[in-house]
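Okay, structure first, notes after.
The values are calculated or read from the model by the stated rules, or taken from the named source; none is laboratory data. Treat the numbers as computed from the prediction; the structure is a model and nothing was measured. Virtual Cβ from ideal backbone geometry, glycine too; neighbours counted across all protein chains shown. SASA here: full protein model, heavy atoms, side chains in, ligands and nucleic acids out. Shrake-Rupley method; radii C 1.70, N 1.55, O 1.52, S 1.80 Å.
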Amino acid sequence: MNLISQPLEVSLVMMAGGLGILFFGRKLFWLYVGVVGMLLGFELAQNYLPDAQLWLFLICGAVLGIISAVLAILMQYVAVGLAGFVGGSYLAVQVLDILPMINVGELQWLLLLIPAVLGTIVCIMVFDLAIIFLSSLTGAVILVQLFEMNPALQNVLFLVVAVIGASVQYTVYSREGID
């Protein structure tokens, strides 16, 4: 997803969502699942309905985001697997977008399915730490994509932002265990 070319309103929503899941992805699990669902819906609409109007992309993203957030609230254990699946899929889509030299043709679905399944397994096994890890990475991807910059600088900034987000979330998680 190229967030740079999006209207300001979309970029502001992405920034708010990215910051929210970067720092509160584990604490507000439903927000993480909802934002990632929204992003995936927006991305899928752009890919499969390329000539549609922006409002249709936004509606697709909002619908998938709301469904994802409601499922996260109502069915947390199922949502744990869903978060890993959607998070793994979204990260795979972004990696394929960042690395266009990877051309797998008809096997692209497999490169989306494998990270999704791995994300699901990891989330079920180590839920809290996995959500901290995935939400920090996803939040960092969203935020870094908002700015156009040298790819090397973008990679460094991504790592720094992800580590900051994970550190903040882990610190809060660790303190909750002590109380």
- Consider L134 carefully, then state whether it is in a helix (DSSP H, G or I), touching a Gly at 6+ places or on another chain (Cβ under 7 Å), farther than 27 Å from L8 by Cβ and open to solvent by less than 50 Å² (accessible area, probe 1.4 Å). yes
- Query: In the range 67-101, how many residues are closer than 25 Å to I124 by Cα, assigned to a helix (DSSP H, G or I) and open to solvent by 40 Å² or more (accessible area, probe 1.4 Å)?
  - Reply: 11
- Query: Of the residues in the range 11-34, how many are open to solvent by 70 Å² or more (accessible area, probe 1.4 Å), at pLDDT below 90, within 20 Å of V163 (Cβ to Cβ) and among the aromatic types (F, W, Y)?
  - Reply: 0
- Message: Can you tell me which condition T171 does not meet? The list is (1) farther than 30 Å from L8 by Cα; (2) at pLDDT 90 or above; (3) surrounded by 15 or more Cβ atoms within 10 Å (Cβ to Cβ), and all the others hold.
- Response: (3)
- Just give me the residues in the range 116-128 being open to solvent by 50 Å² or more (accessible area, probe 1.4 Å), in a helix (DSSP H, G or I) and free of Cβ contacts under 8 Å to residues at least 40 places away in the same chain, in sequence order. V117, L118, I121, V122, M125
- Checking L64 against (1) under 22 Å from D97 (Cα atoms); (2) outside any helix (DSSP H, G or I), which test does it fail? (2)
- Message: Here is a list: G37, G139, G41. Which entry is open to solvent by less than 10 Å² (accessible area, probe 1.4 Å), under 26 Å from A166 (Cα atoms), free of Cβ contacts under 8 Å to residues at least 40 places away in the same chain and small (G, A, S)?
- Response: G41
- If we scan the range 46-56, do we find a residue that is crowded, with 20+ Cβ neighbours inside 10 Å and assigned to a helix (DSSP H, G or I)? no
